[in-house]
Amino acid sequence: MAMAEEGVPEQVAHLVSDPLQGNTDGTAHLSKVAAQLLANIASEKYAVALCGPGGSVILRRLLAASVREGGDAEVGEQVMELGWLIGHLVYVRGLLPELFGALAEVQSEDNKVGATLDPLQCVLLELLSEEMENGSTRQQLKVSAEGAPEKALRSLVFLITTIRELGYAVAKTGEEAPLEASVLEAAFQVLKDLFALDDGGASKASGRNLGSAMCQQGLVPLLLSFLVALGPIRGRAPRPAGPEAGQASSTQERPMDSSITSTAARFPRLPPYLGFRTDIVAVLAHAAYGRREVQDEILRLGGVHIMLGQCQVDDASPMVREWALWGFDICF
């Protein structure tokens, strides 16, 4: 079989011709296939093959099956196996770029995000987020830190790049872009969950915790640019007190960095989904927590007034005021 030649075992290749539609034993079938894939995942060549043309067809079937059978109480364990498999490919093998690109209907060069989005890419990111609730992600990040920490970071750098490209894509449409918005929301959820999980221990990467490593990849200016594009929340924002009364009147007057405004010009002026602004501020606050270098970067880029502009109740951004006040208190 062609798939066997590409490194995918023949015993699971039959899934391509059996997408589980109308299969009364679909749950057991999903469990068997996921277990067979997990049994072989230790091989680097095999892991790469799963994200290639042949293997991605199998993963597409598994992801689609997990969505169709999601309402079945018995499918939980099987979906967990699939989630563990996806987490291994992303965090231990660093293959999110290849996996994300392979799930697109038409692959683009270098796995870049373009007009080839597929709903299963959203399912993939949602599954990664769900995995953080059952503890497997912490274990996988630990394995990555002990073996090849740069691989987990490779996947997360791609996630940050994907968020940037989706922002450009949403703004370019000039109208509603439901699929782009859904994938963007799922990507932000993964970021939020990773920062919440990050304790400076199990998620260390190259001598730094994973959150710090992500912040060194341009995450802070990206988030600030999104907020500048949205503009301040209308209404008078409360003025949070700084950590010290005598601190930084000159610091607070720093002008906004020109790179922020130029990037913001390419981002959407309206939130593509409910809670978009909240997600941005939440990730920014998480990133600043306990990281003096991130706090200094926000100050240097002129983030004081940007953060002040979020300290207001907004019906389209539940809890944004609370996240902004916490982030402001951390930084200033």
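The values are calculated or read from the model by the stated rules, or taken from the named source; none is laboratory data. For clarity, every value in this text was computed on a predicted model and none was experimentally measured. No Cβ is skipped: glycine too gets one built from the backbone with ideal geometry, and neighbour counts run over all protein chains shown.
The table below gives the values:
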item	result
Tally, over segment 127-141, of residues that are in a loop (DSSP other than H, G, I, E, B) and either β-branched (Val, Ile, Thr) or surrounded by fewer than 20 Cβ atoms within 10 Å (Cβ to Cβ) (or both)	3
Residue that is nearest to residue 185 (Cα to Cα), among those in segment 285-306 that are in contact with a Cys (Cβ under 9 Å, 6 or more places away or on another chain) and in contact (Cβ under 8 Å) with a residue 60 or more places away in the chain	287
Test for residue 28: is it over 21 Å from residue 190 (Cβ atoms), buried (at least 19 other Cβ atoms within 10 Å of the Cβ) and either among the polar types (S, T, N, Q) or modelled with pLDDT of 55 or more (or both)	no
Filter pass, residue 291 being touching a Lys or Arg at 6+ places or on another chain (Cβ under 8 Å), basic (Lys, Arg) and more than 16 Å from residue 232 (Cα to Cα)	no
Any pair with Cβ under 6 angstrom, 6 or more apart, that starts in segment 122-141 at a residue that is at negative phi and ends at one that is modelled with pLDDT under 80 and not in a helix (DSSP H, G or I)	138/202; 141/202; 141/203
Candidates 291, 300 - the one that is among the basic types (Lys, Arg) and under 14 Å from residue 221 (Cβ atoms)	300
Candidate set from segment 185-233 (those that are buried (at least 20 other Cβ atoms within 10 Å of the Cβ), over 16 Å from residue 324 (Cα atoms) and hydroxyl-bearing (Ser, Thr, Tyr)); member that is modelled with the lowest pLDDT	203
Answer from 257, 279 - the residue that is modelled with pLDDT of 95 or more and on the phi < 0 side of the Ramachandran plot	279
Residue list for segment 124-160, restricted to those being more than 22 Å from residue 173 (Cβ to Cβ) and β-branched (Val, Ile, Thr)	137, 143, 157
